[in-house]
1. So, of the residues in the stretch 33-48 that are surrounded by 17 or more Cβ atoms within 10 Å (Cβ to Cβ) and not in a loop (DSSP other than H, G, I, E, B), which turns out to be modelled with the highest pLDDT?
2. Can you spot a residue in the stretch 57-72 that is modelled with pLDDT of 70 or more and touching a Phe, Trp or Tyr at 6+ places or on another chain (Cβ under 6 Å)?
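The values are calculated or read from the model by the stated rules, or taken from the named source; none is laboratory data. Just so it is clear, the structure is predicted and the values come from calculations on it, not from any experiment. Note that each Cβ is placed from the backbone with ideal geometry, even for glycine, and that neighbours are counted across all protein chains shown.
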Amino acid sequence: MRTSASWAKADSPTSSAAGAKTTYIGIARQKYEGASNNDIEIDEDPAVSIADGGAWVAAWVWVTQEEVELHRRTRGSIAKIKTRPARFQDRGELHS
């Protein structure tokens, strides 16, 4: 459960929240941004919400115009869109 106090703020370089925020951002960049072939981008200073057991790091996800057109043609059936990165398809991490 997240409370307003759990939002990591980098107001002070000595704050433990700032250190945690930096760590979570670094892991997110390495795990998601770097392996995404430019489909996932993380801002220089993204919002980070620390919660029990982890944190949410704000990111931008690229959606192509082709995916939008396919979405329209299939009446919104996201399951028919086959352009997902293979690393997500294999592990079933995306939910329809």
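1. VAL48
2. Checked against the condition, which is being modelled with pLDDT of 70 or more and touching a Phe, Trp or Tyr at 6+ places or on another chain (Cβ under 6 Å), the stretch 57-72 yields at least one hit.
Each row is one residue, and each column tells you yes or no for (1) of a type in the set (Ser, Thr, Tyr); (2) over 14 Å from the mean Cα position of the chain (by Cα).
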| position | (1), (2) |
| --- | --- |
| TYR24 | yes, no |
| ARG29 | no, no |
| GLY34 | no, no |
| GLU41 | no, no |
| VAL48 | no, no |
| TRP56 | no, no |
| GLU69 | no, yes |
